[in-house]
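To keep things clear, I will list the structure first and then write my remarks on it.
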Amino acid sequence: MSARIIDGKAIAKEIRAEIKQRVEQMAVRHGMRPGLAVILVGKDPASEVYVRGKIADCKEVGIQSELIELPVEVTQAELLRRIDALNADPAVHGILVQLPLPGHIEMRSILERISVEKDVDGFHLYNVGGLITGDTIFPPCTPYGVQKLLDHEGIDVEGRNVVVVGASNIVGKPLAVMLMQKDATVCICHKKTRDLAQFTILADILVVAAGVPGLIVPQMIRTGTVVIDVGINRLPDGRITGDVDFEGVRQKASYITPVPGGVGPMTRAMLLHNTILSAERTLGERPKSFKLSAL
């Protein structure tokens, strides 16, 4: 068998079209558009690429974007001051601080300074806690994107064995909680898991977000597994690859996401979704929070 390739680019395009329609309806009804502020500290090449993509996405759907570029030596106090100003600006509905930050800045303090109502990345402690209780202001973008990929393909997680490889606060842990809210049976593996294959071979759905190129090979999955590759790794020759041996694993899987073109575009689409959602809430068109089971 050969797996059905889940085209994240095409699905994200559909989502952007729907968001663009919502933005235009908002402009007609209320004379306003959602606003997203992106803070970029330093000149990290990868971060610059990511930010340019996010700004381009905003332009495509009609969201107003503001890029705030700060020098790498900016103080934590100045960065916090910038965030405070954006929190107070009614034209800004979403605030994103591009990671990673320079070593002299405490990331947690920065992320928690962003207003919960504008934390469209879903990284604030309040939003993370909301995942556990079953409702949140904003779900984190990458796990939300994975959830939407599964929904789009009609892949039901209820009662299924889901193995998540990677226990980061940004992807692995929140995704595991979101899938449990859908009644999946979830196992999280991490860098100290012994004999990883004994866990992955049990998966009906395998999500890999470990940051290790080619970590998952065909003999580690059973025939018919759904494989979602969240990893993005740049090889010495400049090529981008995921955490899964794509060509090998696709011969056994039932569904598989490519890298690039799988989860990545969905992460950016969910950022736009959270931004329009924030603007709609300011107008009283959406509840402040929603149940994860409704995602």
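As a summary of the residue check, Tyr50 satisfies the conditions (1) within 21 Å of the chain's Cα centre (by Cα); (2) surrounded by fewer than 16 Cβ atoms within 10 Å (Cβ to Cβ) except for the one numbered (2).
Listed by first and then second residue, the pairs with beta-carbon distance under 7 Å, at least 6 apart or on different chains, first residue in segment 252-267 and farther than 12 Å from Ile240 by Cα, second basic (Lys, Arg), are Ser254/Arg4; Tyr255/Arg4; Ile256/Arg250; Pro265/Lys9; Met266/Lys148. For Glu78, the criteria (1) free of Cβ contacts under 8 Å to residues at least 12 places away in the same chain; (2) under 18 Å from Leu283 (Cα atoms); (3) touching a strand residue (DSSP E or B) at 6+ places or on another chain (Cβ under 9 Å) hold in every case but one, which is (2). So is Ala17 surrounded by 17 or more Cβ atoms within 10 Å (Cβ to Cβ) and either closer than 30 Å to Pro260 by Cα or at pLDDT below 95 (or both) or not? So Ala17 fails the test. Candidates are the residues of segment 258-295 that are among the hydrophobic types (A, V, I, L, M, F, W, C), assigned to a loop (DSSP other than H, G, I, E, B) and touching a Phe, Trp or Tyr at 6+ places or on another chain (Cβ under 9 Å); the one that is modelled with the lowest pLDDT is Leu295. Please work out which residue is farthest from Ile205 (Cα to Cα), limiting yourself to segment 110-156 and to residues that are of a type in the set (Gly, Ala, Ser), more than 12 Å from the chain's Cα centre (by Cα) and modelled with pLDDT of 95 or more. Top of the filtered list is Ser115. Only one of the numbered conditions (1) touching a Phe, Trp or Tyr at 6+ places or on another chain (Cβ under 8 Å); (2) surrounded by fewer than 19 Cβ atoms within 10 Å (Cβ to Cβ); (3) assigned by TED's automatic domain parsing to the domain that holds Leu70; (4) not aromatic (Phe, Trp, Tyr) is not met by Pro90, and that is (1). The conditions of being surrounded by 15 or more Cβ atoms within 10 Å (Cβ to Cβ), farther than 26 Å from Val208 by Cβ and polar (S, T, N, Q) are not met by Gln98.
The values are calculated or read from the model by the stated rules, or taken from the named source; none is laboratory data. As the structure is a prediction and not an experimental result, all values here were calculated from the model. Here the Cβ is made from the backbone with ideal geometry for all residues, glycine too, and neighbour counts use every protein chain on show.
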